[in-house]
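Below: the structure, in structure tokens.
The values are calculated or read from the model by the stated rules, or taken from the named source; none is laboratory data. Everything numeric here is computed off the predicted structure, so don't read it as measured data. Cβ sites come from the backbone with ideal geometry, for glycine too, and all protein chains shown count toward neighbours.
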Amino acid sequence: VHLDILGTLLIFIAGFGWAKPVMVNRSYFKKPRLMGILVSIAGPLSNLLIGFLGIVIVYILVKFHMLTGLSQGSIDAIVVFLKLLIHLNLLLFVFNLIPLPPLDGYRILQDVLPHDLRMKAAKYEQWAVYIFLLMVFIPPLSAVTIGPILQLTNVLQNSFYQLLLTLFGPAA
């Protein structure tokens, strides 16, 4: 239902892809623009929460020596899983806030822009996939687009861990 052919092919070619956007019938909302923002921000906030919970789990595992006694292979598997969980969810949080259709950041921007600017932006929606592909696959562009996203992901991860250290002290 939400399968996008190009997005699916790119999963196998480039290691990432996408699905078709989920359509939301805003006519059911009493305040369509406000509720549109809340619907759009729900996914990225879920990613942020999962990333933060992953960091909390790492902190707890280290602080209470909960991996002691496990085989090195088990410890390695847990560490790799948690690192990927944290990194990918924080990356998705930041990435989905980019204001390009069909990402959530664009939907949020649509709901806060005045009508005339929304109409101007809508004219360029058809080019968004191509702009996105250029941003990712052209090295000089990816250095100034994807690079900062990765840096922001690391800043978020470090900030969350520092918050835990401040609130609860050193993990080990």
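What to note about this one:
- Taken as a whole, the structure leaves Q126 outside the set of residues that are surrounded by 16 or more Cβ atoms within 10 Å (Cβ to Cβ), in a helix (DSSP H, G or I) and over 15 Å from the mean Cα position of the chain (by Cα).
- Restricting the first member to the stretch 29-45 and to residues that are over 18 Å from N96 (Cα atoms) and free of Cβ contacts under 8 Å to residues at least 24 places away in the same chain, and the second to residues that are among the small types (G, A, S) and surrounded by 14 or more Cβ atoms within 10 Å (Cβ to Cβ), the beta-carbon pairs closer than 9 Å and six or more apart or on different chains are F29/G36.
- Considering the stretch 8-31, and only residues there that are of a type in the set (A, V, I, L, M) and within 21 Å of V94 (Cα to Cα), the residue that is surrounded by the most Cβ atoms within 10 Å (Cβ to Cβ) turns out to be L10.
- Looking across the stretch 13-29, the residues that are assigned to a helix (DSSP H, G or I) and either under 20 Å from R107 (Cα atoms) or within 20 Å of the chain's Cα centre (by Cα) (or both) come down to A14, R26, S27, Y28.
- Residues that are among the hydrophobic types (A, V, I, L, M, F, W, C) and crowded, with 16+ Cβ neighbours inside 10 Å, drawn from the stretch 40-55: I41, L48, I50, F52, I55
- Some residue of the stretch 58-65 being surrounded by 15 or more Cβ atoms within 10 Å (Cβ to Cβ) and either without any contact (Cβ under 8 Å) to a residue 12 or more places away in the chain or hydroxyl-bearing (S, T, Y) (or both): yes
A quick yes/no check of all residues on (1) polar (S, T, N, Q); (2) farther than 30 Å from A171 by Cα:
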{"residue": "H2", "(1), (2)": "no, yes"}
{"residue": "S27", "(1), (2)": "yes, yes"}
{"residue": "K63", "(1), (2)": "no, no"}
{"residue": "L82", "(1), (2)": "no, no"}
{"residue": "I86", "(1), (2)": "no, no"}
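- Filter result for S159 (in a helix (DSSP H, G or I) and either at pLDDT below 90 or surrounded by 13 or more Cβ atoms within 10 Å (Cβ to Cβ) (or both)): no
- Scanning the stretch 70-79 for residues being more than 12 Å from G54 (Cβ to Cβ) and either of a type in the set (V, I, T) or surrounded by 12 or more Cβ atoms within 10 Å (Cβ to Cβ) (or both) gives a total of 3.
- Of the set (1) surrounded by 14 or more Cβ atoms within 10 Å (Cβ to Cβ); (2) closer than 18 Å to Y106 by Cβ, all apply to L34 but (1).
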